[in-house]
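Step one of this worksheet: look at the structure below.
Laboratory data are not the source of any read-out in this text; all were calculated from the coordinates shown. From a predicted model like this one, the values you see are computed outputs, not experimental measurements. Methodologically, a virtual Cβ is constructed for each residue, glycine included, from the backbone with ideal geometry; neighbour enumeration extends over all protein chains shown.
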Amino acid sequence: MEMVNSSTYYFRADSTSGRPGRPIGKEEEEEETRANEAIYCRACGGAVTARDQKIALHGSHTHTFFNPAGIVFELGCFSAAPGCRSAGEPSSEFTWFAGYVWRFALCRQCSSHLGWFFEMGDYSFYGLILANLKE
């Protein structure tokens, strides 16, 4: 593959015409920047977590559950959420993840309920209500 220099950017040469194509690394750079983008509290706009903190638990990042009152929640799992604070005593009552205890996860800035902090031994994660977040 031929490389063509245009100013300070390097481009892949189009294999059929020999003309410059898209910048090398531009798409990869955008993906990396996007991965580090913050995810915000829908109520106050405070930064809660980031895209690169998304994790899969039991094979999926998102999970849909209902609580004892019948309210349905769609959660996203995150390894860290520095914009959250945990509240309440750890409880195993009606836990959505077997073996885990949970506490409420509230926005550090406005105290809105953003989801739950789950822990089991040394492992922990946040299950955040996707409707209460904005990207």
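What to note about this one:
- With a cut-off of 13 Å between beta carbons, the residues surrounding A43 carry a summed charge of +3, where Lys and Arg count +1 and Asp and Glu -1.
- Its Cα gyration tensor gives the range 48-135 an equivalent ellipsoid, and the semi-axes of that ellipsoid, as √(5λ) in whole Å with the largest first, are 17, 15, 14.
- The fewest-to-most ranking of C41, C77, C110 by surrounding Cβ atoms within 10 Å reads C110, C77, C41.
- Positive minus negative residues near A131 (Lys, Arg vs Asp, Glu; Cβ under 14 Å): 0
- The residues neighbouring L106, those whose beta-carbon lies less than 15 Å from its own, together hold a net charge of +3 under the Lys/Arg +1, Asp/Glu -1 convention.
- Between F104 and S86, the modelled label-to-label distance comes to 1.6 nm, taking each label 7 Å out from Cα in the direction of the beta carbon.
- Residue order, fewest to most beta carbons within 10 Å, for E37, E89: E89, E37
- In nm, spacing of pseudo-spin labels at R42 and A69 (7 Å Cα→C-beta vector): 1.6 nm
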